[in-house]
Amino acid sequence: MGETCKFNTSLLHGEGSQGYGQREILPPICQVSAFRYESMEELEKVFAHKSMGYAYTRIGNPSVAAFERKINELEHGAGAVCCSSGMSAIASALLAVCKSGDEIIAGSGLYGGTIDLFHDLEKLGIHTVFAGGMTGDAISALITDRTRVVFGELISNPSLAVMDIPGVAESAHRAGIPLFVDSTTATPFIAKPLTMGADVVIHSTSKYINGGGNSIGGIIIDGGRFNWDFCKHTALEEFKKYGRMAFSVRLRTDIWENLGGCMSPMNAYLSYVGVETLGLRMEKICRNADALAGALDKEPDIKVNYLTLPDHPYNRYVDTVLNGYGGGILNFRTGSKERAFRIINSLKYALIASNIGDLRTLVIHPFSTLYVRTGKEETEAAGVYEDTVRVSVGIEDEDDLVNDFIRAVRESRE
Ligand SMILES: *Cc1c(COP(=O)(O)O)cnc(C)c1O
């Protein structure tokens, strides 16, 4: 069914939405730590992977597995692993392919937590090289014989740089390197990176996938197509017999299981329920964001950063990579920090909160919060200045939202 029907239908009726034991329409919440067996022989078989079954929720849980199957189907993956957060997903995925002495090529202007993680990895002997832009040529120039993975965000948060997935994938693959894409801000509604050449997709499900702002989570989806060279990817050597599934198997049975960053069954359930409306929400969010960006852009002293604006440096990718949509994040510059604060404080419908992908519109002054510990150069590379306001657009009625922002902007003029 997933093959022939469109996005919203497959979200509700695909294979990933079926097969619960008691005919429930949603997966039951298996809020337990462990599973009991009738005999020791049975549990022995489960541990030896000789029979299907759950033993302990850190290693597997039916509610979490239901959410994994749903997102795996949505992204056209070969297997998915849920994590306790987006950061846990990124860390687990990178640690599954890299070891001391290896190099990562990463996009610039990434999510602040991810930049911090790359600094942590330096201390473990894993070095990251940041690319100026995520195009095939830019990546080719940085690949060395130590490079093990290329990592980037499809739409970077908050700078709104777009990765040319087909171009980057081609350059990486030519050198025997896989491409990992953090697609949190794009969501599978806007793009499915595995179908464009990426090898692994990662989401912070805390954002648009959950959509209601009620649980932290992450997920890693493996396309299962990358042809690992085990002489190069020595971190996967022990898992050689699994061939193209070596990454997935190492992740699930080794790194992820041992780091212990599992998703809670309750969060899996809430995110499962949330993702069923992803299509409806994203369509509305993108329409609101497009209208808000257009209206703000007409104000003479406001500089708007939103992908569908015709003069945006990445506008050419909106139709080719992003399915015609600009996403739910927009930034605008106001001229000064004081004015940015005045605007933020006077908004009626936007909540001042450090998150994206909620139903409610959220605003923040990223310079004094998310980037307060980041150096000036990295902050500006992320498109964040002292006068920048970041907006995560919600599903409010368009007129209410636009009128409120325009009023706040006009009243903030001295
Ligand atoms: C929020 C976010 C993360 C981190 O996810 P958490 O669930 O907060 O750990 C990673 N990447 C991007 C692009 C994000 O927006």
Q | segment 356-414 - residue that is assigned to a helix (DSSP H, G or I) and acidic (Asp, Glu) and, of those, least open to solvent (accessible area, probe 1.4 Å) | A | ASP404
Q) Before we move on, is SER84 open to solvent by 30 Å² or more (accessible area, probe 1.4 Å) and either within 10 Å of the ligand (Cβ to nearest atom) or touching a strand residue (DSSP E or B) at 6+ places or on another chain (Cβ under 8 Å) (or both)? A) yes
Q) Restricted to segment 129-152, and to residues that are open to solvent by less than 10 Å² (accessible area, probe 1.4 Å) and either of a type in the set (S, T, N, Q) or within 15 Å of the ligand (Cβ to nearest atom) (or both), which residue is nearest to THR184 (Cα to Cα)? A) GLY152
Q: Please state which of the following conditions PHE189 fails to meet, knowing it meets all the rest: (1) touching a Cys at 6+ places or on another chain (Cβ under 9 Å); (2) within 14 Å of the ligand (Cβ to nearest atom); (3) under 19 Å from ALA80 (Cα atoms).
A: (2)
Q: Can you tell me which residue within segment 203-236, out of those that are more than 9 Å from the ligand (Cβ to nearest atom) and of a type in the set (Lys, Arg), is farthest from ASP358 (Cα to Cα)?
A: LYS232
(Q) Looking at TYR111, TYR20, can you tell me which residue is at pLDDT below 95, over 28 Å from THR128 (Cβ atoms) and of a type outside the set (Lys, Arg)? (A) TYR20
(Q) Taking the criterion of being part of a loop (DSSP other than H, G, I, E, B), open to solvent by 10 Å² or more (accessible area, probe 1.4 Å) and over 17 Å from TYR317 (Cα atoms), would at least one residue in segment 193-203 satisfy it? (A) yes
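The values are calculated or read from the model by the stated rules, or taken from the named source; none is laboratory data. Computed from a predicted model, the values in this text were never measured in an experiment. Here Cβ is always computed from backbone atoms with ideal geometry, including for glycine, and neighbour counts include all displayed protein chains. Side chains included, ligands, DNA and RNA excluded: accessible areas come from the protein's heavy atoms. Shrake-Rupley method; radii C 1.70, N 1.55, O 1.52, S 1.80 Å.
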